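> Have a look at this one before I ask anything.
The values are calculated or read from the model by the stated rules, or taken from the named source; none is laboratory data. Remember, it's a predicted structure, so these values are computed and weren't measured experimentally. FYI the Cβ positions are ideal-geometry reconstructions off the backbone, even for glycines, and counts take in every protein chain you see. What goes into the accessible areas is simple: the full protein's heavy atoms, side chains included, and nothing from ligands, DNA or RNA. Shrake-Rupley method; radii C 1.70, N 1.55, O 1.52, S 1.80 Å.
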Amino acid sequence: MAGIKVDMEHVIVESQEMEKEEEVKPQKTKRVASLDIFRGLTVALMVLVDDAGGEWPMIGHAPWNGCNLADFVMPFFLFIVGMAIALALKRIPEKLVAIRKVILRTLKLLFWGLLLQGGYFHDLDKLKYGVDMNRIRLCGILQRIALAYLIVAIIEITTRQAQSKELPMGWFSIFKLYSWQWVIGAWVLVVYLATLYGTYVPDWNFVVQNPDSVDFGKTLTVTCNVRGNLDPPCNAVGYIDRQILGINHMYPRPAWKRSKSCTKNSPYEGPFKDDAPSWCWAPFEPEGILSSISAILSTVLGVHFGHVLIHMKDHSSRLLHWIGMGIALLVLGIILHFTDAIPLNKQLYTFSYVCVTSGAAALVFSAFYILVDILNLKYIFLPLEWIGMNAMLVYVMAAAGIFAGFINGWYYEDPHNTLIYWIKKHIFIGVWHSTRVGTLLYVIFAEILFWAIVAGLLHRLGIYWKL
């Protein structure tokens, strides 16, 4: 779930910020309400799967291969960031000005990513803060978004002369208009696949840092000596991160710890099997270097959908293109997965995962576009729109747990005797006599709906948290 948190911020801030950029000209551009609502939905999903996923593992991250609800959050954010790039940068005519803004925003994302996901804030329920710089986590969702944003935005800036051209007739004309972006996207895919399947992974070892393990402090060895393996211990994604980042700077609680190979109660968290392989105790970076290179493709696809919105002027043409491409991506990804060609895997960010999640993003956005921008049913989704317009605030306060950590810091006699614990225990869990149901309802009403109302009030006051 930390992956998601991490993840979320970049997209959150990026897309919402970029859409709000003012034109150099005095007039303002109308916001795309469906994109705000889609962003709000994604933030809400992140809060839901992050805070309720422990009790409902079917909505949490898949332990390895597969795609649960939580696994759609990061690519949805990247897709939204891509659309926002296309819509925002067209309003900044000076290339050097646009590049300066992109670089500054990238640096801000990296800063917030290290602060929120580097390990300084941890175990907020236990009031633990601070991080050993020798073990700070270097990668994260915001850092991944920063990389994708920087690369795709620079490409957009340097190739945007296409925006001044009229779109020729034909379904593929918009692809031709931005052909260089697709060439670069293809190059990214080739580099990723060649590295993933061509890198030799030798044996490796690590020191167990988990005090709950009987092997705490011991050095364990993982046997690999393979090439092109996509299993948890011996893939090129993990190997590259161990070599470049260092194993001490990787995520210590990867989702694979809930896999059938490791834990007795998979997919729930719990004690490991007595015969669990040594790699179950090892760290793994779900937002690592190679997987983040592949993640650029999600943003490239989002930019394309933004181009469609810019160049195609009627609803039917836009929807025909979006829905057709979304279905094609979904079908391709599903075929790759179920033929065992390329499995769906969020932690490796495989090509089939890119296709399925981007196809889903395309269809979800298209549905919101129909309901909101065509049928004018925006009022139904006002809470999501408010969240989407102040997504950074909701991410930091709710998803990253900063607000809950602050409130929990004020307790009476015992650290568990706080307002949040009391509300959760007596109003939700106690009433329903179920920890699972109570936790789910608490997240929906006391977190998501609460912050939607706060964001709505801030919207009325014209207050937004911008990067």
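> Highest first, please rank the peptides 150-158, 185-193 by the mean number of other Cβ atoms sitting within 10 Å of their residues.
Working: 150-158: 21.0, 185-193: 15.4.
Highest mean packing first, the order is 150-158, 185-193.
> Now a separate question. Only helices at least 18 Å long along their own axis, judged from Cα atoms, and with Kyte-Doolittle mean hydropathy of 1.0 or greater: name those in the chain from DSSP H. Mind dumping the intermediate values first?
On the way: long enough: 2-20 (28 Å, -0.32); 33-52 (28 Å, 1.27); 73-89 (24 Å, 2.61); 95-117 (32 Å, 1.14); 141-159 (27 Å, 1.78); 179-198 (28 Å, 1.26); 289-311 (34 Å, 1.57); 315-338 (34 Å, 1.40); 351-368 (26 Å, 1.65).
The qualifying helices are 33-52, 73-89, 95-117, 141-159, 179-198, 289-311, 315-338, 351-368.
> Per q in 0.12, 0.17, 0.19 1/Å, what log10 I(q)/I(0) does a Debye calculation on the alpha-carbon atoms of region 265-354 return?
Taking Cα atoms of region 265-354 as identical point scatterers yields -0.58, -0.90, -1.00.
> Take S261, S298 and sort them by solvent-accessible surface of the protein heavy atoms, 1.4 Å probe, largest at the top.
S261, S298
> Would you work out the relative contact order for the chain, in percent, from Cα pairs under 8 angstrom that are 6 or more residues apart? Mind dumping the intermediate values first?
Working: 796 pairs, mean separation 112.7, N = 467.
Over the chain, the number comes to 24 percent.
> Taking 0.36 nm per residue of sequence separation and subtracting the Cα-Cα distance, how much length would be gained by fully extending the chain between N134 and S266, in nm to one decimal?
Working: separation 132, 0.36 × 132 = 47.52 nm, distance 3.16 nm.
This chain segment gains 44.4 nm when fully extended.
> OK, next. Pairing rule first: another cysteine's C-beta must sit under 4.7 Å. Under that rule, which cysteines of the chain stay single?
Cysteines of the chain left without a disulfide-compatible partner: C67, C139, C355.
> Please compute the modelled spin-label separation between S213 and L69, points set 7 Å along Cα→Cβ, answer in nm with one decimal.
3.2
> Let me ask something else. Could you tell me how far the Cα centroid of region 220-260 sits from the Cα centroid of region 346-365, in Å?
Centre-to-centre distance over Cα atoms comes out at 23 Å.
> Hey, if you put +1 on the Cβ of every Lys and Arg and -1 on every Asp and Glu Cβ in the chain, which of F111, W256, W180 ends up farthest toward the positive end of that dipole?
W180
> Moving on. Hey, with R₀ at 35 Å, roughly what FRET efficiency would L107 and F175 work out to, going by the Cβ-Cβ distance, to 0.05?
So the FRET efficiency works out to roughly 0.60.
> Stretched out fully, how many nm does the piece from I453 to D275 gain, at 0.36 nm a residue minus the Cα gap?
Here the segment from I453 to D275 would lengthen by 59.2 nm.
> Let me ask you something else. Go through W386, G405, V364 and say which Cα lies farthest out towards the positive end of the charge dipole of region 342-467; charges sit on Cβ, +1 for Lys and Arg, -1 for Asp and Glu.
V364
> Continuing with the same structure: Evaluate the distance, in nm, between pseudo-label points positioned 7 Å from the Cα of I380 and of F445 along their respective Cα→Cβ axes.
Modelled inter-label distance: 2.3 nm.
> Say the cut-off is 30 Å between C-alpha atoms; which of K176/K378; K257/K466; K101/K257; K218/K264; K264/K424 go over it? All intermediate terms of the calculation are to be shown ahead of the outcome.
Details: K176/K378 34 Å; K257/K466 36 Å; K101/K257 40 Å; K218/K264 23 Å; K264/K424 28 Å.
Too far apart for the 30 Å limit: K176/K378; K257/K466; K101/K257.
> Same structure again: What is the gain in length, in nm to one decimal, between V190 and T435 on full extension, counting 0.36 nm per residue of separation less the C-alpha to C-alpha distance?
83.5 nm
> Right, next: Using a 1.4 Å probe over the heavy atoms of the protein chains, calculate the carbon and sulfur portion of the accessible area of the chain as a whole percent.
Taking all protein chains in place, the chain shows 64 percent carbon and sulfur surface.
> Let me ask another. I want to check the label-to-label distance for I423 and K313. Put each point 7 Å from Cα in the C-beta direction and report it in nm to one decimal.
5.0
> Next up: I need the chymotrypsin sites (Phe, Trp or Tyr not before Pro) found in region 194-230, filtered to DSSP loop residues with at most 14 other beta carbons within 10 Å of theirs.
Values: sites: Y197, Y200, W204, F206, F216; in loops: F216.
Answer by residue number: F216.
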